[in-house]
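Colleague: What follows is a structure written as structure tokens; I'll ask about it next.
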Amino acid sequence: MMARGLWLLFALCALSPAPAGAAEPAPTETVQSDVSTREISIQSNFAGIEIVIFGSIDFSHALAPDEGNYDVITVIRSPAEPIVVRRKEQVAGIWVNRAGRTFKGVPGFYAVLGTRPFKAITTEDTLKQLGVGFSNLEFGKNAQDDATVAAYRSALTRLKQDQNLFQEHDDGVTFIGRSLFRASVDLPANVPLGRYTTDVYLFRDGHLISKSEGTLEVSQAGFERAVSLLARDHPFVYGLAAVTIAVMIGLFGWVVFRRD
Amino acid sequence: MLQVYLPIAEVSVNLLVMLGLGAAVGFLSGMFGVGGGFLLTPLLMFSGVSAPIAVATGANQIVATSVSGALAQWRRGNIDLRMANVLIAGGAVGAFIGVLLLRLLRQIGQAGLLISLTYVVFLGAIGVLMLIESARVIHKARSGKPVPARRGSAHNWIHGLPLKMRFPTSRLYISTIPPLVIGAVVGLLAAFLGAGGGFIMVPAMIYLLRMPTNIVIGTSMFQIIFVTAIVTLLQATFNHSLDVVLALILAIGGVIGGQFGVRAGHKLKGEHLRLLLALLVLAVAFRLLLDLVLKPEDVYSIVPQLVGA
């Protein structure tokens, strides 16, 4: 069966109108990708998850996996949110939050992975345009743009990195065949909720030749979802429920352990 | 292991650590006959829960412990309901102010600092006073001299205030203004510190209102249920800082730990208990002070901007 299939395939190739070496240009390579888990639900036992982004290059010209013709960069990011960065200073012997800067649009989670160091893949301008690398991230228009903002910016990046919410892996994408590649990212237990975008960029000789976009959804599920929805939409009812539960526990404790 | 994801705090905590924390605070509160909120909230903060969530969740936990305590007092007829109502009325106003103040402080990034500072001042002052008092009693008991009964000084100005009311259970005929003010201060502290405020309420009722001591404990416990319930509701509504899963874990640990604490407390003398509590209170205050004074690991911090800020 197998041999017969191959034979058929060969025959089809031979019949195809654009044989190799013809005068017409070969079709341009395109990239396709997907995520291992499109929906991640956070329940009470959630302790982080590893996701795999995989894809392939159609019409790949590479003859072996390590033939360095192609480069892939993938960016995973969650919706942007306003973040306040504060700086403590010593006032009368006590460390107090003094000044702060608000960054209007900071991705809650941001991971960028590539086949090799980003600067070796393409130009700084292209990286900036695509938002690849921490230094090329746009954090939204800042009302108080001044010289000190750079210090707050780098503190923000560093703190996000400490929480594993910002990740940069320039060896995170590996080819496992002529056209197949994969990249894995660890989402920590504190990942923000929301619809994430997964962008995969394909480069050849430093030029961006194809792009593939996908999404993945991180949401709370089951009991956790019910609790946080109630707390957000009906906070008074939620508070009332919390008080009722506390009273019940108190009553239970009294009934079980009473000594009078 | 046994990590539990907290839906509101949006962090994972260890179930056993939190149960143990609840049980330890419950044990201490049962042993010393105190609400325990003033220990629970700082301990939550030490274990990485943010100050506003620690405060709101602490208040909810006190509802559970004071229900158990107040029921026992109720059966002994130790609650002055009319006095409790006046205190709760004042407490509701104080709680409302406290919750709004906390919201404002959160927006300008000073909530954690103010909560810590208030704790350091209150715990420091109360710890020192209790330490001196219990050390004096122990010293006198050792030297064989009789210990003179404590007597509150006369507060004539309180009896001159208007809006007098009769409180038959406490055998008092006094103005409602002092209990309203005391209630408001305790409500404010309950919102701000996530503590029932018994450590302010009890001395105030004994020395300012001159209520009988046996009625004081029961009435204080009874009104704390309502004030902390009001605080819980307000924190959930205005600050979205109440984590019901964390509160549940802490309350279960607390109720169990409390029972063992009561038994341990019976084996110790009153002044020795007070000395131990004083040392504990001072240790917590010292730790909070250290966190304020020592250079933080990172002078920068990040928080999501509050909605409506």
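Colleague: Looking at the range A:147-179 only, could you name the residues that are buried (at least 19 other Cβ atoms within 10 Å of the Cβ), away from every other protein chain (no Cβ under 14 Å) and more than 15 Å from the chain's Cα centre (by Cα)?
Modeller: Passing the criteria: A:Phe175, A:Ser179.
Colleague: Might you check whether a residue that is within 14 Å of chain A (Cβ to nearest Cβ), among the polar types (S, T, N, Q), part of a helix (DSSP H, G or I) and surrounded by fewer than 20 Cβ atoms within 10 Å (Cβ to Cβ) occurs anywhere in the range B:48-63?
Modeller: Checked the range B:48-63: no residue is within 14 Å of chain A (Cβ to nearest Cβ), among the polar types (S, T, N, Q), part of a helix (DSSP H, G or I) and surrounded by fewer than 20 Cβ atoms within 10 Å (Cβ to Cβ).
Colleague: Another question, then. Let me confirm something: among A:Phe181, A:Phe166, A:Phe175, A:Phe203, which residue is aromatic (Phe, Trp, Tyr), touching a residue at least 40 places away in the same chain (Cβ under 8 Å) and under 18 Å from B:Val303 (Cβ atoms)?
Modeller: A:Phe166
Colleague: Here are some conditions: (1) touching a residue at least 24 places away in the same chain (Cβ under 8 Å); (2) hydroxyl-bearing (Ser, Thr, Tyr); (3) in contact with a helix residue (DSSP H, G or I) (Cβ under 6 Å, 6 or more places away or on another chain). A:Tyr238 meets all but one. Which one does it not meet?
Modeller: (1) is the only condition that A:Tyr238 fails.
Colleague: Quick check on the range A:28-46: of everything there that is within 17 Å of the chain's Cα centre (by Cα) and within 14 Å of chain B (Cβ to nearest Cβ), which residue is farthest from A:Leu216 (Cα to Cα)?
Modeller: So the residue we want is A:Ile42.
Colleague: Does B:Ala111 count as within 15 Å of the chain's Cα centre (by Cα) and farther than 30 Å from B:Lys269 by Cα?
Modeller: Here the answer is no, as B:Ala111 does not meet what is asked.
Colleague: Looking at the structure I just gave you, is B:Gly253 more than 8 Å from every other protein chain (Cβ to nearest Cβ), more than 25 Å from A:Val237 (Cβ to Cβ), under 19 Å from the mean Cα position of the chain (by Cα) and buried (at least 20 other Cβ atoms within 10 Å of the Cβ)?
Modeller: Taking the combined requirement at face value, the residue satisfies it.
Colleague: Run B:Ala283 past the list (1) within 30 Å of B:Tyr5 (Cβ to Cβ); (2) of a type in the set (A, V, I, L, M, F, W, C); (3) free of Cβ contacts under 8 Å to residues at least 40 places away in the same chain and report the number of the one that doesn't hold.
Modeller: (1)
Colleague: Could you look through the range B:286-304, keep only residues that are in contact (Cβ under 8 Å) with a residue 24 or more places away in the chain and facing chain A (nearest Cβ under 7 Å), and pick out the one that is nearest to B:Leu44 (Cα to Cα)?
Modeller: Looking at residues that are in contact (Cβ under 8 Å) with a residue 24 or more places away in the chain and facing chain A (nearest Cβ under 7 Å), I get B:Leu292.
Colleague: As an exercise: evaluate B:Leu2 against (1) in contact (Cβ under 8 Å) with a residue 24 or more places away in the chain; (2) touching a helix residue (DSSP H, G or I) at 6+ places or on another chain (Cβ under 6 Å) and give the number of the one condition it does not meet.
Modeller: The number of the failed condition is (1).
Colleague: Would you tally the residues in the range A:89-106 being over 14 Å from B:Ile108 (Cβ atoms) and facing chain B (nearest Cβ under 7 Å)?
Modeller: Residues flagged as over 14 Å from B:Ile108 (Cβ atoms) and facing chain B (nearest Cβ under 7 Å) within the range A:89-106 amount to 3.
Colleague: Only one residue in B:His266, B:His272 is within 23 Å of B:Gly198 (Cα to Cα), surrounded by fewer than 16 Cβ atoms within 10 Å (Cβ to Cβ) and within 14 Å of chain A (Cβ to nearest Cβ). Which one?
Modeller: Working: B:His272 fails: within 14 Å of chain A (Cβ to nearest Cβ).
The conditions single out B:His266.
Colleague: Something else: Please tell me if B:Gly196 is within 14 Å of chain A (Cβ to nearest Cβ) and outside any helix (DSSP H, G or I).
Modeller: On the way: within 14 Å of chain A (Cβ to nearest Cβ): yes; outside any helix (DSSP H, G or I): yes.
Yes; evaluated as a whole, the condition is true for this residue.
Colleague: If you go through the range B:221-243, how many residues are surrounded by fewer than 24 Cβ atoms within 10 Å (Cβ to Cβ) and not hydroxyl-bearing (Ser, Thr, Tyr)?
Modeller: Total satisfying the criteria: 5.
Colleague: Further question on the same structure: Could you check the range B:10-45 and list, in sequence order, the residues that are small (Gly, Ala, Ser) and surrounded by 20 or more Cβ atoms within 10 Å (Cβ to Cβ)?
Modeller: Quick first cut of the range B:10-45, residues small (Gly, Ala, Ser) only: B:12, B:20, B:22-24, B:26, B:29-30, B:33, B:35-37.
Of everything in the range B:10-45, those that are small (Gly, Ala, Ser) and surrounded by 20 or more Cβ atoms within 10 Å (Cβ to Cβ) turn out to be B:Gly22, B:Ala23, B:Gly26, B:Ser29, B:Gly30, B:Gly35, B:Gly36, B:Gly37.
Colleague: Keeping to the range B:207-245, report how many residues are out of contact with any Ser or Thr (no Cβ under 9 Å at 6 or more places or on another chain), of a type in the set (A, V, I, L, M, F, W, C) and closer than 20 Å to B:Ala56 by Cα.
Modeller: Number of matching residues: 9.
Colleague: Give the range A:72-103 a look and list any residue that's assigned to a strand (DSSP E or B), buried (at least 18 other Cβ atoms within 10 Å of the Cβ) and under 21 Å from the mean Cα position of the chain (by Cα), or say none.
Modeller: Answer for the range A:72-103, where residues must be assigned to a strand (DSSP E or B), buried (at least 18 other Cβ atoms within 10 Å of the Cβ) and under 21 Å from the mean Cα position of the chain (by Cα): A:Val72, A:Ile73, A:Thr74, A:Val75, A:Ile76, A:Arg77, A:Ala80, A:Ile83, A:Phe103.
Colleague: Given the conditions (1) surrounded by fewer than 19 Cβ atoms within 10 Å (Cβ to Cβ); (2) touching a residue at least 60 places away in the same chain (Cβ under 8 Å), report the number of the one that B:Leu277 does not fulfil.
Modeller: It is condition (1) that B:Leu277 fails.
Colleague: In the range A:233-253, is there at least one residue being of a type outside the set (A, V, I, L, M), loosely packed, with under 15 Cβ neighbours inside 10 Å and in contact with a strand residue (DSSP E or B) (Cβ under 9 Å, 6 or more places away or on another chain)?
Modeller: No.
Colleague: So, one more: If you go through the range B:230-244 one residue at a time, how many are facing chain A (nearest Cβ under 7 Å), touching a residue at least 40 places away in the same chain (Cβ under 8 Å) and assigned to a helix (DSSP H, G or I)?
Modeller: Qualifying residue count for the region: 3.
Colleague: Tell me whether the range A:218-228 contains one or more residues that are of a type in the set (A, V, I, L, M, F, W, C), free of Cβ contacts under 8 Å to residues at least 40 places away in the same chain and either more than 9 Å from chain B (Cβ to nearest Cβ) or under 17 Å from B:Leu246 (Cα atoms) (or both).
Modeller: Yes, because at least one residue in the range A:218-228 is of a type in the set (A, V, I, L, M, F, W, C), free of Cβ contacts under 8 Å to residues at least 40 places away in the same chain and either more than 9 Å from chain B (Cβ to nearest Cβ) or under 17 Å from B:Leu246 (Cα atoms) (or both).
Colleague: Of all residues in the range A:232-252, which are of a type in the set (Val, Ile, Thr) and within 7 Å of chain B (Cβ to nearest Cβ)?
Modeller: A:Val243, A:Ile245, A:Val247, A:Ile249
Colleague: Considering the range B:64-87 alone, what residues qualify as being over 18 Å from B:Gly258 (Cα atoms), surrounded by fewer than 24 Cβ atoms within 10 Å (Cβ to Cβ) and among the aliphatic types (A, V, I, L, M)?
Modeller: B:Ile79, B:Leu81, B:Val86
Colleague: So for the range B:48-70 (the condition being closer than 22 Å to B:Leu117 by Cβ, free of Cβ contacts under 8 Å to residues at least 40 places away in the same chain and not acidic (Asp, Glu)), does at least one residue qualify?
Modeller: Yes, the conditions are met somewhere in the range B:48-70.
Only the coordinates and a few stated rules stand behind these numbers; no lab work does. None of the values given here were measured: they were computed from a predicted structure. For neighbour counting, all protein chains shown are included, and Cβ atoms are generated from backbone atoms with ideal geometry for every residue, glycine included.
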